[in-house]
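*Asks:* Encoded as structure tokens, here's the structure I'll be asking about.
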Amino acid sequence: MGQSNTSVRRRQVVKGAAWTAPVIVMGTAAPAQAASPPPPGLQGWVTVGKNCGTDRLTIDGTGGNGAEPPNTGTRGLWIYNTTASTQIANPRITLYYPSSLGTITWTAVSGNSNWSVPVPSTVDPPIAGYIAYTTFYTGGWQFRSAYGYSRASGRPNFQASVNISCSGTIPIYARRTVTVSGETISFIRGPVSL
């Protein structure tokens, strides 16, 4: 019994917080025009995890196999239906962790590039029973003309030490937000159980 408890205690749980369909900006109804470009769509992939053997939580948007989105091996944040002149501003990711964990202190780890350390935040709508942690991106964007999307050049990577149990789950939500040519795109997914 002690043996199985040890193996369970050291188990690491990682979930992909991916969104399979881009969220698009909805505009007002207008007459159909053959030349109208499709609206921009926000997409991305990060993994969130817990390791109860080391009492560690992770947020990881690094890695991937180098394939073009929407390949599930590709990590980070990207916006579909952009051009080289598309204006992108105020990108952020907000992760909601149960308030029962207390206030989580995150630190940046190797691979983090131009993403601020997540801190308790009120920039996004609250969820009862959760604390929102927001990370802001201040880096550049790569426009991929062959595919018609822009990708954040930097990727988020954070960890936190928290007293966690292997016997329970940790439900979290994730919200992504960005302003594209003056229009704000935002969507939330979850809960994902760690």
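*Asks:* Sort out which residues of the range 155-177 are under 12 Å from the mean Cα position of the chain (by Cα), within 25 Å of SER110 (Cβ to Cβ) and open to solvent by less than 10 Å² (accessible area, probe 1.4 Å), and write them in order of number. I'd like the intermediate steps shown before the answer.
*Replies:* Pass one, the range 155-177, residues under 12 Å from the mean Cα position of the chain (by Cα): 155-158, 172-177.
Checking which are within 25 Å of SER110 (Cβ to Cβ) leaves us with 155-158, 172, 174, 176.
Those that are under 12 Å from the mean Cα position of the chain (by Cα), within 25 Å of SER110 (Cβ to Cβ) and open to solvent by less than 10 Å² (accessible area, probe 1.4 Å): PRO156, PHE158, ILE172, ALA174, ARG176.
*Asks:* Here's something else I'd like to know. Here are some conditions: (1) open to solvent by 40 Å² or more (accessible area, probe 1.4 Å); (2) farther than 19 Å from ILE59 by Cα; (3) touching a Leu at 6+ places or on another chain (Cβ under 9 Å). ILE185 meets all but one. Which one does it not meet?
*Replies:* The number of the failed condition is (1).
*Asks:* Determine whether ARG189 is at pLDDT 90 or above, of a type in the set (D, E, K, R) and under 15 Å from ASN114 (Cβ atoms). Break it down stepwise before answering.
*Replies:* Values: at pLDDT 90 or above: yes; of a type in the set (D, E, K, R): yes; under 15 Å from ASN114 (Cβ atoms): no.
No: the conditions fail for ARG189.
*Asks:* Which one is farthest from the chain's Cα centre (by Cα), of the residues in the range 140-154 that are open to solvent by less than 40 Å² (accessible area, probe 1.4 Å) and over 14 Å from ALA89 (Cα atoms)?
*Replies:* Looking at the filtered set, the residue picked out is GLY148.
*Asks:* Report yes if PRO38 is at pLDDT 85 or above, open to solvent by 40 Å² or more (accessible area, probe 1.4 Å) and part of a loop (DSSP other than H, G, I, E, B), otherwise no.
*Replies:* Values: at pLDDT 85 or above: yes; open to solvent by 40 Å² or more (accessible area, probe 1.4 Å): yes; part of a loop (DSSP other than H, G, I, E, B): yes.
Answer is yes for this residue.
*Asks:* Within the range 108-139, which residues are outside any loop (DSSP other than H, G, I, E, B) and open to solvent by 70 Å² or more (accessible area, probe 1.4 Å)? Don't jump to the end; show me each part of the working.
*Replies:* Step one: filter the range 108-139 for residues outside any loop (DSSP other than H, G, I, E, B), giving 108, 115, 119-120, 130-137.
Matches in the range 108-139: VAL119, PRO120, PHE136.
*Asks:* Going by the structure shown, is GLY129 closer than 25 Å to PRO39 by Cβ and at pLDDT 95 or above? Don't jump to the end; show me each part of the working.
*Replies:* On the way: closer than 25 Å to PRO39 by Cβ: no; at pLDDT 95 or above: yes.
The answer is no for GLY129.
*Asks:* Same structure again: Only one of these is touching a helix residue (DSSP H, G or I) at 6+ places or on another chain (Cβ under 7 Å) and either free of Cβ contacts under 8 Å to residues at least 40 places away in the same chain or closer than 24 Å to THR74 by Cα (or both): GLY111, GLY140, GLY129. Name it.
*Replies:* Only one candidate qualifies: GLY129.
*Asks:* Follow-up. Being hydrophobic (A, V, I, L, M, F, W, C), assigned to a strand (DSSP E or B) and over 19 Å from GLY63 (Cβ atoms) is the filter here; which residues of the range 161-182 pass it?
*Replies:* Filtering the range 161-182 down to residues hydrophobic (A, V, I, L, M, F, W, C) leaves 162, 164, 166, 170, 172, 174, 178, 180.
Still in the running and assigned to a strand (DSSP E or B): 172, 174, 178, 180.
Correct list: ILE172, VAL178, VAL180.
*Asks:* Among (1) touching an Asp or Glu at 6+ places or on another chain (Cβ under 7 Å); (2) within 30 Å of PRO37 (Cα to Cα), which single condition is VAL162 missing?
*Replies:* (2)
*Asks:* Consider THR94 carefully, then state whether it is closer than 30 Å to SER165 by Cα, at pLDDT 85 or above and open to solvent by 10 Å² or more (accessible area, probe 1.4 Å).
*Replies:* no
*Asks:* Of everything in the range 73-105, what is on the phi > 0 side of the Ramachandran plot and outside any loop (DSSP other than H, G, I, E, B)? Give them in sequence order. Can you show your working first?
*Replies:* Taking the range 73-105 first, the residues on the phi > 0 side of the Ramachandran plot are 76, 81, 90, 102.
Those that are on the phi > 0 side of the Ramachandran plot and outside any loop (DSSP other than H, G, I, E, B): GLY76, ASN90.
The values are calculated or read from the model by the stated rules, or taken from the named source; none is laboratory data. What you see is a predicted model, and the numbers here were worked out from it, not measured in a lab. Ideal geometry is used to build each Cβ from the backbone, glycine not excepted, and the neighbour counts take in all protein chains shown. Heavy atoms of the whole protein, side chains included, go into the accessibility calculation; ligands, DNA and RNA do not. Shrake-Rupley method; radii C 1.70, N 1.55, O 1.52, S 1.80 Å.
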